[in-house]
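Just so it is clear, none of the values below were taken in a lab; they were calculated from the coordinates. Worth saying up front: this structure is predicted, and the values here are computed from it rather than measured. Here the Cβ positions follow ideal geometry from the backbone for every residue, glycine too, while neighbour counts run over all protein chains shown.
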């Protein structure tokens, strides 16, 4: 019995060491899994944001092309409206990804950008409000885009700032 009692501290040390190793490994693996999940969702969130941005931009560009034309300029209105409808459909589909994966701030900024772009879309479809001003609509859309990009960058922890709209405004109005 004395031999067993002499060995007891060593056995307790082995048991404590084994439990400590199991605990440390478990915590480490859980931490790795959590980081991997965060990266995975950040990648998907980034893809959703980029897809939405491209869709809104395409819709905006088509609407700008239509509203920029003079009444005397030859145009295929049917083809233009078809392109606008296609761009609007893609924007609607991309919007679902932002709703699914985005945080509240990014969703709000995305909604504001999309609504600003719809000012031009409405004008392109011949449904502009009485107080519609094309230049203001373009400026609102540019500023909405910058707010969306700033919110999206924060959402996926990308550093840096977005400051394109003031540059665009200065370029248009020297």
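For the pair residue 23 and residue 99, a Förster radius of 45 Å applied to the C-beta separation gives a FRET efficiency near 0.65, rounded to the nearest 0.05. Pairwise Cα separations in the stretch 48-172 fall into 10 Å bins from 0 onward with the following percentages, short to long: 13, 42, 33, 10, 1. Judged by the gyration tensor of its Cα atoms, with axes a ≥ b ≥ c, the stretch 84-143 is oblate; a/c meets the 1.5 cut and b/c is at least as large as a/b. Using the Cβ-Cβ distance between residue 41 and residue 8 with R0 = 45 Å, the FRET efficiency computed as 1/(1 + (r/R0)^6) comes to roughly 0.35. In nm, to one decimal, how far is the residue 92 label point from the residue 129 one, both placed 7 Å along Cα→Cβ? Distance between label points: 2.2 nm.
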